[in-house]
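Worksheet: the structure to be examined is printed underneath.
The values are calculated or read from the model by the stated rules, or taken from the named source; none is laboratory data. What you are looking at is a predicted structure, and each value in this text was computed from that prediction instead of being measured. Neighbour counts run over all protein chains shown; Cβ positions are idealised from the backbone, glycine included.
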């Protein structure tokens, strides 16, 4: 998979424009991509600002008088006055301990995004290095790496993550490790396939003929050309990781109470579901929006970086 | 073709070996001592040691060079926990539940039909809704309808499954009261002996259409929840595959010779576009089995997923281990079957 634009004449006309510049230009004409970027940007900025704008201590900030209060805007005026609320003072309602769900959902974004980004960063670095190593060296190293990847891929979806956390013990760090491990294979596969297709290409052979050794060939000649499929995968992976964090949280295998994690909040709401459906509705919407954001962004990045796919 | 199948089957062996190695290693890194879990905090160290001996936990993990030196028999090198585990697994013995002593293989076999029925429902839902939606999107490419459908498909993979399940229950069970959301049959159904364990089918086989209908109603909500992700995938795949086929020469020829658009779409295009769709669905079977852990938990569906979930809560390691291994092996086998049938159906595929 190369990243050159197929229309070579066009490329020479717009001399001096790199792939990155080209892709950026295309990206800003991509409406759904911009929407995705907007959503992702919103969640990242909101998460960064959460401790500044709404300092929160999950174990302390509660108001038992407000236990299981529905969203304030849905209450009649008299009820709001009785509880001392304004129209928007409790927009998502309060949970069984009287905690403000809006603040909890807001802070929950910090957990999901952090775990998602760290897990994907770890998985991609490991996976790419393994893929480069396997593809370039071939032989038994390649066989071994492919075997390991096949084993990991034999555990569909979130199953391996569940198994790992169920056995290592449920907490957020183990959930992060488990999610990262399940995401490694895809990066190995992508990188390895690019390396295999480029290893025998003329420019790589030329570099070798000029005396470049293994690591130099891999990192300065092969790796840059495998970047675009990896970047696409990175964006899509974050969405998957956010869903996985939530699923583990829902199963009681991720963040533990009182941490405001979205999946665990949905689980808490599920247990109180007839009285307080809003307890699970809002964290779910937050997960959905953030994942849609990353998916829209990922699709757009794919369109932009691989012009051949765009028909 | 036979050679190809054989080759693929042999190729499975290292992967199956790897799965067993991984699952075994995972269960041996448990921070807690199984003997402590089983006997409780107050057991004497002697009792614990006795139990460890009985469970074979005092044996070496992977290789036993000590036994070779002692007896001079090189085969005793394999006299270790891992190979006992493999030997037992090959004889269909995955151990017993820590707490209820139920045989894990028995338990899996008894619960598998429930999970299978749910998975098939999800797949059928995905195909019945997804293929027409994908075709409509392809035929209206670039128009508003296409955009809406594609955004719907993107949303489908962005929902947390368990959240969607809860919302479905809230709407259709709690508010509208249309559909049941707990278990597989109403408690009012009596005098029904399952046969295959798939209740819709069993109701028909036993001449009890009321049971089939009731079981079907119980399947709808969990089936939709579990089927959302494959649905989204089917819509996207059908659309792109249709666009691909619609651009082919033979489709243009068919149109040019004056065939009706409907005939061209249904007969010429769709039939050829379906192959990749079917493959994708086959390959998603395994993810459905693992997604069933979430769906079955929400709907109290007595399948493998719920069993594993309960085992996780109780820290019943043999069930977790057996369930995970079972799903992985099924997944690998189904993938192989999909691959083989693909090679069988599509003569363009070279195998060897």
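Structure summary
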read-out	value
Complete set of residues in segment A:277-288 that are farther than 14 Å from residue A:240 by Cβ and either within 8 Å of chain B (Cβ to nearest Cβ) or touching a helix residue (DSSP H, G or I) at 6+ places or on another chain (Cβ under 6 Å) (or both)	A:277, A:279, A:280, A:281, A:282, A:283, A:284, A:286
Residue match in segment A:289-309 (condition: within 12 Å of another protein chain (Cβ to nearest Cβ), closer than 30 Å to residue A:60 by Cβ and assigned to a helix (DSSP H, G or I))	yes
Residue A:117 under 23 Å from the mean Cα position of the chain (by Cα) and either in a helix (DSSP H, G or I) or within 14 Å of chain B (Cβ to nearest Cβ) (or both)	yes
Those residues of segment B:168-181 which are without any contact (Cβ under 8 Å) to a residue 60 or more places away in the chain and over 13 Å from residue B:226 (Cα atoms), in sequence order	B:170, B:171, B:172, B:173, B:174, B:175, B:176, B:177, B:178, B:179, B:180
Test: residue in segment B:20-33 that is surrounded by 12 or more Cβ atoms within 10 Å (Cβ to Cβ) and at pLDDT below 70	yes
Odd one out for residue A:127 among (1) away from chain B (no Cβ under 12 Å); (2) under 15 Å from the mean Cα position of the chain (by Cα)	(2)
Qualifying residue in segment A:131-148 (condition: in a helix (DSSP H, G or I), under 23 Å from the mean Cα position of the chain (by Cα) and under 30 Å from residue B:305 (Cα atoms))	no
Considering residues of segment B:306-318 that are at the interface with another protein chain (Cβ under 10 Å from one of its Cβ atoms) and part of a helix (DSSP H, G or I) only, the residue surrounded by the most Cβ atoms within 10 Å (Cβ to Cβ)	B:308
Matching entry among B:169, B:182 (being within 18 Å of residue B:303 (Cβ to Cβ), within 14 Å of another protein chain (Cβ to nearest Cβ) and more than 21 Å from the chain's Cα centre (by Cα))	B:169
Qualifying residue in segment B:185-196 (condition: buried (at least 16 other Cβ atoms within 10 Å of the Cβ) and in a helix (DSSP H, G or I))	no
Residue list for segment B:228-264, filter: within 14 Å of another protein chain (Cβ to nearest Cβ) and more than 36 Å from the chain's Cα centre (by Cα)	none
Failed item, numbered, when residue A:147 is tested on (1) free of Cβ contacts under 8 Å to residues at least 60 places away in the same chain; (2) more than 18 Å from residue A:129 (Cβ to Cβ); (3) within 14 Å of chain B (Cβ to nearest Cβ)	(2)
Hits in segment A:74-88 - residues which are within 16 Å of residue A:279 (Cα to Cα) and either part of a loop (DSSP other than H, G, I, E, B) or under 32 Å from the mean Cα position of the chain (by Cα) (or both)	A:75
Meets criteria (within 10 Å of chain A (Cβ to nearest Cβ), in a helix (DSSP H, G or I) and within 16 Å of residue A:161 (Cα to Cα)) for residue B:293	yes
Flag if residue B:267 is assigned to a helix (DSSP H, G or I), more than 14 Å from every other protein chain (Cβ to nearest Cβ) and at pLDDT 80 or above	no
Qualifying residue in segment A:134-141 (condition: within 14 Å of chain B (Cβ to nearest Cβ) and surrounded by fewer than 17 Cβ atoms within 10 Å (Cβ to Cβ))	yes
Spans of helices (runs of 4 or more DSSP H) in segment A:157-276 with at least 2 residues at the interface with chain B (Cβ under 10 Å from one of its Cβ atoms) and buried (at least 19 other Cβ atoms within 10 Å of the Cβ)	A:159-168, A:227-250, A:262-271
Helices (runs of 4 or more DSSP H) wholly inside segment B:74-165 containing at least 1 residues that are surrounded by 14 or more Cβ atoms within 10 Å (Cβ to Cβ) and within 14 Å of chain A (Cβ to nearest Cβ)	B:104-139, B:144-156
